[in-house]
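Take a look at the structure below.
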Amino acid sequence: MTVCLLLLTVVALTAAVPAPRALVRSLWPEREPVVALWVWQCLVATVLMCCLAALTLGAAAVFHTVRDRVFAPAPPAVTAAYDLSVAPPWAVALTVLLASGAAWTTAMLARELVEARRRRDRTRAHLRERAPELPAGLPAARGPMLVLEDEYPDAWWMPGHPPQLVVTTGALHRLTDHQLDAVLTHERGHARAHHDWLLHLSSALATGFPHVPLFSHFCDQTHRLVELAADDTASRRCGHLTTALALIELNQHRGVLSCASSRRLLGERVDRLLEPPPRLLRRQRALTTTVAALVPLLPLLIAFAPGLTALG
């Protein structure tokens with residue numbers, strides 16, 4: 001068990017500190033934002049799997065009840081391979097620390113989801129106040145698109161049940177048909193990829209553990225990469241120039257296309273659309289995706305190695 005816990009600690013620290021810093025310095029994520037998002041998620045999953053595996057082994061060593069439940073279906077040789085008879089003091093402290101971290105992570109995720117639901121409810125209430133009144137007998141607008149009478153050009157996707165795409169009349173007047181199609185495709189790209197859930201997860205982890213480099217970088221990069229990914233979705237359908245012009249037209253007054261963007265990111269997005277970087281080769285994308293998917297399995301391999309060795 002001691003060797004397993006040490007190996008899990010090494011893997012977790014590697015994925016939490018040097019790996020995200022190296023990924024931030026890399027240039028390829030700008031070329032493949034979807035693949036980069038997948039790599040970030042796999043790094044986060046690796047750390048969480050390491051913590052969960054270490055918590056399970058530590059709790060099994062410290063608490064007999066947990067040990068009986070975890071190793072109930074296992075042969076005696078497998079239980080003996082983990083050497084759970086005596087738990088060293090540092091294992092007890094590590095178990096308590098990991099249990100506290102798990103509880104804190106759950107609390108931060110629950111808090112983020114509750115606050116997101118409250119913000120969405122407030123936004124929907126505000127939109128109901130701004131929406132024009134319909135003649136008597138007509139149903140309320142519950143379709144996939146809602147048009148607001150507002151000179152300010154704006155467009156955003158509002159998740160929920162049902163999800164709605166909100167567009168102002170200012171955006172309709174300012175954008176051409178092709179540019180409007182690019183904006184709508186951009187926002188639908190966010191919706192289809194469920195970027196809102198990814199943003200909630202990254203924000204919760206960064207808020208709960210602000211000093212962990214992986215989680216802070218994960219939050220920053222997620223907000224950036226989801227916009228680049230949605231830009232790619234729009235440019236593939238409507239063209240790079242059309243998408244860039246739509247981005248500029250919508251942001252002449254406020255400097256952002258969506259709430260997650262910044263002025264600096266806006267300039268990077270426009271430059272990227274006007275001079276699109278070459279994509280990675282299909283073989284490189286497949287290799288990167290596969291390797292990233294295998295990394296979260298490493299904690300499981302470490303945790304099950306003693307038992308598999310005993311069985312073999």
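Miscellaneous remarks
- Gaussian network model of the chain, springs between alpha carbon atoms under 10 Å - residue of 29, 153, 18 with greatest fluctuation: 18
- Inter-label distance, nm, simple model (7 Å from Cα along the C-beta direction), residue 268/residue 147: 3.6
- Rounded if a/c under 1.5, otherwise prolate or oblate - the range 52-181, Cα gyration tensor axes: prolate
- Two tests apply to each whole DSSP H helix in the chain, Cα reach of 27 Å or more along its axis and mean Kyte-Doolittle hydropathy of at least -1.0, and the ones passing both are 33-62, 89-130, 213-238.
- Put simply, the amide H of residue 164, placed in the peptide plane, has neighbours under 5 Å in 158, leaving out anything fewer than 5 places away on its chain.
- Listed residues 62, 52, 208: farthest to the positive end of the dipole of the chain (Cβ charges): 62
- Label point of residue 248 set 7 angstrom out along Cα-Cβ; within the range 218-233, amide nitrogens under 20 Å from it belong to 228, 231-233.
- Histogram of C-alpha separations across the chain, 10 Å bin width, %: 5, 22, 26, 21, 14, 9, 4, 0
- Placing unit charges on the Cβ atoms of the charged side chains and taking the dipole of the chain about its Cα centre, the candidate lying farthest along the positive direction among 126, 295, 89 is 89.
- For the chain, a simple Cβ point-charge model (Lys and Arg +1, Asp and Glu -1, everything else neutral) yields a dipole of about 380 debye relative to the Cα centre.
- What a 1.4 Å probe finds exposed on the chain is 64% carbon and sulfur by accessible area, rounded to a whole percent.
- Unit charges on C-beta of K, R, D, E only; dipole of the range 81-228, Debye: 360
- For residue 32, neighbours were defined as the other residues whose beta-carbon sits under 15 Å from its Cβ, and their charges (Lys and Arg +1, Asp and Glu -1) total +4.
- Furthest towards positive pole of dipole, 189, 144, 12, structure part the chain, Cβ charges: 12
- Most mobile listed residue (249, 32, 149) in the chain, GNM with C-alpha springs under 10 Å: 149
- Counting only Cα atoms, the size of the range 1-48 along its three principal axes is 42, 17, 10 Å, in decreasing order.
- The value obtained for the range 185-312, namely the Cα convex hull volume divided by the number of residues, is 150 Å³ per residue.
- Here the contact order of the chain, divided by its residue count and restricted to Cα pairs under 8 Å and six or more residues apart, works out to 27 percent.
- Here the range 214-238 is scanned for amide nitrogen atoms under 14 Å from the site 7 Å beyond the Cα of residue 28 along Cα-to-Cβ, giving none.
- The amide H of residue 148, built 1.01 Å from its N in the peptide plane, has 167, 168, 169 as neighbours under 5 Å, considering only residues 5 or more places off or on other chains.
- Between the range 36-95 and the range 184-237, the Cα center-to-center distance that results, in Å: 31
- Protein heavy-atom accessible surface, 1.4 Å probe, per residue over the range 178-290: 50 Å².
- Rounded FRET efficiency, nearest 0.05, which uses the C-beta distance separating residue 236 from residue 281 and R0 of 22 Å: 0.80
The values are calculated or read from the model by the stated rules, or taken from the named source; none is laboratory data. Since we're looking at a predicted model, the values are computed, not measured. Methodologically, a virtual Cβ is constructed for each residue, glycine included, from the backbone with ideal geometry; neighbour enumeration extends over all protein chains shown. Surface accessibility is based on the protein's heavy atoms, side chains included, excluding ligands, DNA and RNA. Shrake-Rupley method; radii C 1.70, N 1.55, O 1.52, S 1.80 Å.
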